[in-house]
Amino acid sequence: MEGRVCIVTGSGQGLGRAFALHFASLGAVSVIAEINAANCQSVAAEIIEAGGKALAIETDVADSGSVRAMAERTLAEYGRIDVLVNNAAILQSISRVPVDQISDEEWDKVIRVNVTGAFYCVRAVVPAMREAGWGRIINLSSDTVLLPPPLTYAHYITSKAALVGLTRELARELGPDGITVNAIMPGSTETEVEQSAKVRDNRANIVVPRQCIPRVEVAEDLVGAAAFLASDAAGFITGQSLPVNGGIAFV
């Protein structure tokens, strides 16, 4: 990935931060596209202090103008966009309530960030990828789309299922332009982001015992899949959704 320019949305913390750090360690430029200004600058500084290359761009993926400005600045700085990881998502702040209690506002916010935000980012970077005849788009879905889903999560799971459909359509549409589009479906992952006691207990007592690899999934378990899908080695893989979840099976 030496010299590649990789945009990672929502990379101020959690999985996005792990992706950005890993890409930079492989010689790529990591563009930290993050809504939280302090986190945005902090991750970029962390990469640069480690000898890597990074560009911090405060970005709200739910705002098409903000996304367009992010892509334009990346092109102005480096003249290319090679990889887009659509990682930004709303999760921690979602209300865990039955479907008839989800407000219009919360439904719209989840879909706008998790799905429309990914669309805005794809739309902004595709022209540069088309011109180059090469590109990698990776969408972060969730293994909850494949497994018996948790209750009271209709908006989140709907948004992650939509990303699988978007991945398949874009793979078909963009393949002739040398652009691959794939999705990664993480399991319940522990990161540095604080999670509720209920989430931690569910992970330890329900999720881990049902995995083929019986330990807690961490962010570093996902970076290899992302790096592979972003590389030349994955040039004939597109339209796929890859679960990275320790081989969990609900029985």
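Measure nothing but the geometry: give the 0 to 90° angle between the long axis through the Cα atoms of 154-174 and the longest principal axis through the Cα atoms of the chain, rounded to 10°.
40
Give the Kirkwood hydrodynamic radius (Å, one decimal) of the chain, defined as one over the mean of 1/r across all pairs of different Cα atoms.
Values: mean 1/r = 0.0549 Å⁻¹.
Radius from the Kirkwood sum: 18.2 Å.
For every helix of n ≥ 4 consecutive DSSP H residues, a contribution of -39,500 (n - 2.57) applies; sum these over the chain, divide by its total residues, and give [θ] at 222 nm rounded to the nearest 500 deg cm²/dmol.
Working: 8 runs with 101 residues, N = 251.
Value at 222 nm, helices only, nearest 500: -12500 deg cm²/dmol.
So what are the ³J(HN,Hα) numbers for region 128-141, from phi and the Karplus equation (6.51, -1.76, 1.60; θ = phi - 60°), rounded to whole Hz, Gly and Pro as x?
5, 5, 4, 4, 7, x, 7, x, 9, 10, 10, 9, 8, 9
Taking the alpha-carbon distance from Lys109 and a cut-off under 27 Å, which lysines remain once sequence neighbours fewer than 8 residues away in the same chain are dropped?
Reachable lysines: Lys160, Lys198.
With N set to the number of residues, divide the alpha-carbon radius of gyration of region 1-99 by 2.2 N^0.38 Å and report two decimals. Mind showing how you got there, number by number?
Details: Rg = 13.6 Å, N = 99, 2.2 N^0.38 = 12.6 Å.
Here the Cα radius of gyration is 1.08 times the empirical estimate.
Among residues other than Gln41 whose Cβ falls under 11 Å from its Cβ, what is the net charge (Lys/Arg +1, Asp/Glu -1)? Don't skip to the answer; put the middle values down first.
Working: positive: none; negative: Glu34, Glu46, Glu58.
Neighbour charge sum, excluding Gln41 itself: -3.
Roughly what percent of Cα-Cα pairs across region 92-137 reach past 14 Å? List each step's numbers first, then the result.
Values: 637 of 1035 pairs.
The proportion of pairs with Cα distances above 14 Å equals 62 percent.
Can you compute log10 of I(q)/I(0) for region 104-251 with the Debye formula, treating each Cα as one identical point scatterer, at q = 0.18 Å⁻¹?
-1.12
If you add up the charges near Ala204, with Lys and Arg at +1 and Asp and Glu at -1, over every other residue whose beta carbon is less than 15 angstrom from its beta carbon, what do you get?
Within the 15 Å Cβ shell, the charges total +2.
If one takes the longest principal axis of the Cα atoms in the chain, at what angle in degrees, from 0 to 90 and to the nearest 10, does the Cα axis of helix 220-229 lie?
The helix 220-229 is inclined about 50 degrees to the chain.
Show me, for region 51-65, the HN-Hα J-couplings you get by feeding each phi into the Karplus relation (A = 6.51, B = -1.76, C = 1.60, θ = phi - 60°), rounded to Hz, glycine and proline as x.
Those phi angles translate into x, x, 10, 8, 10, 8, 10, 5, 9, 9, 5, 7, 10, 4, x Hz.
Treating the angle as unsigned and between 0 and 90°, give the value, to the nearest 10°, between the Cα long axis of helix 14-25 and the longest Cα principal axis of the chain.
30
Can you work out ³J(HN,Hα) from phi for every residue in region 35-41, in order, using Karplus 6.51 cos²θ - 1.76 cosθ + 1.60 and θ = phi - 60°, giving whole Hz and x for Gly and Pro?
6, 7, 4, 5, 5, 4, 5
Expressed in nm², what is the orientationally averaged projection area of the convex hull enclosing the Cα positions of region 174-251? Could the numbers behind the result be given before it?
Working: hull surface 25.7 nm².
With every direction weighted equally, the projected area is 6.4 nm².
Rule-based calculations on the coordinates, nothing more; no lab input. Computed from a predicted model, the values in this text were never measured in an experiment. A quick note on method: Cβ atoms are made from the backbone with ideal geometry, for glycine too, and the neighbour counts reach across all protein chains shown.
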